[in-house]
Ligand code: SF4
């Protein structure tokens, strides 16, 4: 009983620190070329972190990462192989990204963040890893994989495998996924299709993945106020 109370107290303290970190992140304006506002999945106290690339044009409005077509594919993968639906995933996995702001468009599609923007935003990822001490990190797409493996190997050499790495003073496993956007057919044709499925199987079997719902039960619930992005907060205040 005492152990449970100590663990619950530690979880509440971590959640409080994480909430403050996410609140600061949501007001970050370090990169002048990025479109405000930063997108966060919220202060989900989890030992599993998913790292996306950068939000698209729809995500800032929706106020959450992977809110559009790539997200539909990503959550279908997890639903089909790992047996978890989108709302359960969002409630039990901390969702980070290489860059948290929409970079804008170019003639070829979404602008790829610059090296300086990636460096600016990597300090948020360091702080999140230091606080959450993840057991498992899931980088999604080459830009995210590059945050953990250098030089970045071909997708067929990294997807479907588990590696162990260190960052921000923490040691954790990484199981990478390809980017689920419709722009790349890699995950729809062989060997990408089988390797993606193998990666999802590895995630499903990982101890940090299996335990994430247990930690969720010890985490305080987010208030409605905490769920609002700065943009939505402003709109709410104007309504009032
Ligand atoms: S991309 Fe990251 S570092 Fe740059 S303004 Fe957005 S949140 Fe801040």
### Summary
Per-residue ellipticity at 222 nm attributable to helices in the chain (runs of n ≥ 4 DSSP H, -39500 (n - 2.57) apiece, nearest 500 deg cm²/dmol) works out to -13000 deg cm²/dmol
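When 84, 140 are ordered from fewest to most other Cβ atoms inside 10 Å of their Cβ, what list results? Don't skip to the answer; put the middle values down first.
On the way: 84 20, 140 24.
If I rank by nearby Cβ atoms, fewest first, I get 84, 140.
I'm checking a number: the convex hull volume of the Cα atoms of the chain, normalised per residue, in Å³. What is it?
Values: hull volume 31.5 nm³, N = 240.
Cα-based convex hull of the chain, divided per residue, equals 131 Å³.
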#### Entry: Gain on full stretching of the segment that runs from residue 105 to residue 149 - 0.36 nm per residue minus C-alpha separation
13.1 nm
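Normalising by the residue count of the chain, find the relative contact order in percent from Cα pairs under 8 Å and 6+ residues apart. Kindly include the intermediate steps, with their values, before the conclusion.
Details: 388 pairs, mean separation 58.1, N = 240.
It rounds to 24 percent for the chain.
Every number here is computed from the coordinates shown, using simple stated rules; none is lab data. In this text the structure is predicted, and so the values were computed from the model without any measurement. All Cβ positions, glycine included, derive from the backbone under ideal geometry; neighbour counts span all protein chains shown.
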